1. At a Förster distance of 25 Å, what's the computed FRET efficiency of residue A:258 paired with residue A:176, Cβ-Cβ distance as r, to 0.05?
2. Could you work out the relative contact order of chain A? I mean the mean sequence separation of Cα pairs under 8 Å and 6+ apart, divided by the number of residues, in percent.
3. With only Lys, Arg, Asp and Glu charged, each at its Cβ (+1 for the first two, -1 for the last two), find how big the charge dipole of the stretch A:98-183 is about the Cα centre; round to the nearest 20 debye.
4. Based on alpha-carbon centroids, what's the gap between the stretch A:86-148 and the stretch A:324-389 in Å, whole number please?
5. Whole percent per 5 Å bin, from 0 to the bin with the longest distance: what is P(r) over all C-alpha pairs of the stretch A:183-241?
6. Toward the positive end of the charge dipole of the protein assembly as shown, about the Cα centre and with charges on Cβ (Lys, Arg +1; Asp, Glu -1), which of A:145, A:419, B:18 goes farthest?
7. I'd like the Kirkwood hydrodynamic radius of the stretch A:171-342, using the inverse of the mean 1/r over distinct C-alpha pairs, in Å.
8. Relative to the longest principal Cα axis of chain A, at what angle does helix A:235-248 sit, 0 to 90 degrees, rounded to 10?
Amino acid sequence: MTELEAKIKAKIPGADTGIEVRRSLCAICSPSHHCGVDCYVKDGAIVRVEGTQEHPYNHGKLCTKGSSLRNYVYRADRIKTPLRRVGERGEGAFEPISWDEAYRVIAEKLNTVKEQYSPHAVAFFSGYCKWYRPVFQRFAHVFGSVNFGSDDSTCSAAKAIGDRVTAGSGAGPDMAHANTFLGWNYDGYYSAHLSVQGVQKLKARGGKVIIIDIRDTPAAKNLADRFLQINPGTDGALALGMAKLIIDNGWADLDYVEKYTHGFTEYKALCGQYPLDKVSEITGLKGEDIYEAAKLYATNGPACINYSASALVHHINGFNSHRAVLCLSALTGNFDRAGGNVPNPATYLHKPAGFRTREQEFRTNRYPGGQKRIGAERFPLWDAQFNEFQAMDLLRQLETGDPYPVKAVFALGMNAKMFPQTDRLLEAMKEKLDFFVDTDVFMTTTAQYADIVLPACTSVERGELKAYQGGYLTFTKPVIRPLYESRSDVDILCDLARVMDLDDGLLKQGYKACADWIIEGCGLTVSELEKSEFPVKVPAARWPAVPGKTLENGFKTATGKFEFCATAIADIDPKYGLDPLPSYRDSLEDQNDPQTRQDYPFYLCTGARLPHAIHSRAHETPWLRSLRPFPTCEVNPQDAGRLGLKEGGDVELYSPYGSIRVKVKLTHKIKPGVILMLHGYTEANVNLLIGRDHLDPYSGFPGFKGMRCNIRTVQEG
Amino acid sequence: MKHVFVFDPDKCCACSACMMGCMDQNDTDLSGGGRCYRQTFDSEIERDGGVYCAYLSAACMHCADAPCIDACPVGCLSKDPETGFTVYDNTNCIGCKSCALACPFGAPRYRRDGGKMVKCDGCNIRVKNGLQPACVRACSFGALTCMTEEDYAADGSGKACSALIDALTLRRK
């Protein structure tokens, strides 16, 4: 091998090797991340991926998933051309068709449903990734439908609504100035890799870390000064109990409470119902551990809290559990204070960047009205607080046609496995829909039910607008041509707007025109952003967020204060039984009858994060899949010993709603009585076990992380 | 300049990003029987009535006195004089697996087609071109680093991979 051949084999970039480094971003996970990537490109193909050192967000770092980006992009299950179904829905038999033909069929079918029923009979639904959503939501509204929905029906929106009705906005931890970090459900190692460094720095300067989790995680081992391994689903009780200790011991910031909060008397009375012995009993924690954690958080300030996007709100008591944790921040005077939790509104697509865009106007200024959204009757707080339909009511409305029929679904990246009792949803879609179109990067279970399937490209094959912390904005460029006949989601939408001649000049002009409209006023245009391969500092950006603005100008709530007792909930018709206070209920209260307790003694928690997976979208990536080749549930050895379960053995995991076959992994990291199961596997979809009505009445979110189940061994074969 | 892999078990979480970086660099074809040169371990060790969690990442340790080099009957393995990494040229490999028997860490792997040995070479050419080994580049937590012998001596961490086993600190649960 010559020296040059060796350099090419080692993928050293340079003119001699013909390997060029081109910049893009990784969009495998949540848009609140999306790290910058260096794609090493040779002869039009990516040969290697690294994190971009110069990128202001990730500074060269990538997580496990991002490091496998090349393997993800070149997966064998990429959809290659537009497809038309030729077999039964769900059978997976398709024929390739041209883009023009696909667009013609889609336009005709959607317009037919619109004419025969109403525009609202077309539900527009977005799964991951979320980047194209402003264009998609506007498309739905311009088409005339009120029904735009997304995976936000089960992801982070419940937390956002909880924040809004309580404090007027969310507030992130100000790690750089905190003395104590209360990492409630925090495991950055698995789900937010860039956040770990902030905690390490806090510790290095003598700060203290409390980790509260149901699982003994790397954060518990590497970061925690105090680790509270809590019984799953009992976080709300712990938060109220900690509040009682804080009030009783004089650790509360009563000046702050007096000046900036609403409903303290009622909140104090609620907390009074959670004495230490009772909380210890509910949470499975030692009284002294709860006491020390509460004392550390309240007296070693300033102290900030990590609020997880899903860990708490994926319980049927989760909305109020999150609010109960949030209230600790105001009780101790840490909300909107340096080193506490500081409001920092999103600039674009969940990312705070210190400047305003017209994203929300773009999404909603063509809202047609004229009909209630799906789920509005059943989840009135959701409907009042979030401008999408609540998809957890889609199945019921499909089945009953009440209050009006849904006859078509236009989806991008729809994942039926996200829905409890997935099989029922797919069955209803098969039977009830006149037309279903799905767009995806990969052929999925859901896409197999579609009448038309469109191939989308990945982030490295397209350009997209993205804001970043620090006051940055970028418009990426494709590093390779779209594979096969795939297209960018936004180009598909804008093409269709032209084919259907929708009444919207912006959509018909295309994505860049839309992006320019959204960022107008920030001081930069798309064509200026495109000149840089890195994110550009936005002239209008003010960064970092200055603490105290909310205290000075008032909270964006009805009373202008932090509301322990939320007016927005009190305004909901009392017949729904929603409590304005963050009261605690059992997370299995709909399954606690003696027979169900006896038949399904285990607490099933699905979706606890592992570093190689994100929902279902990474499971079929060979390098990632090799880390855990089989769908596997985690069981405490004590339970395993009692039931005769062996490491690596085959078991059936079942609930009253369904069952799956998986392997067993024994682990001391969870308590006896708890079973963990990662979600999103096609061959072992654990959401089959979650009851369709096992939902939090405040948000409509399913109790993914709290469900009764049982386990038994099965024989090979 | 000789280089040393350094591993800090207090920063590792076995997330396996290092493995992804390694497979990306080495075009590991799992369906063709290939295996990643690096391996992570998420281990629970029961001892004295308690349970210890250990998160590890390991590959070829690039031992100073590498037993695989002497074990190879056809001289495939050698030390790169510049980087100090244990490198190989498997042109003459006969697939006898003597190197694997000699290696205490199971670093050598064998191709399914032809049975020739392959292993971690420390990303020798990357390092010679001023780049980090792929696994180090992929580590977000500072658990896995690669430094020159001089920097390692000055650093004083004592956490060179070859000293990994001794340096393992296990926290009681």
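Just so you know, all these numbers are worked out from the coordinates, no wet-lab data involved. Computed from a predicted model, the values in this text were never measured in an experiment. A quick note on method: Cβ atoms are made from the backbone with ideal geometry, for glycine too, and the neighbour counts reach across all protein chains shown.
1. Numbers: r = 29 Å, r/R0 = 1.14.
After rounding, the FRET efficiency stands at 0.30.
2. Relative contact order here is 18 percent.
3. On the way: 8 positive and 8 negative charges, 23 e Å.
So the magnitude is around 120 debye.
4. Cα centres, the stretch A:86-148 to the stretch A:324-389: 27 Å.
5. For the stretch A:183-241, the pair-distance distribution reads 4, 20, 30, 22, 15, 8, 2.
6. Looking along the dipole axis, the top candidate is B:18.
7. 15.7
8. 40
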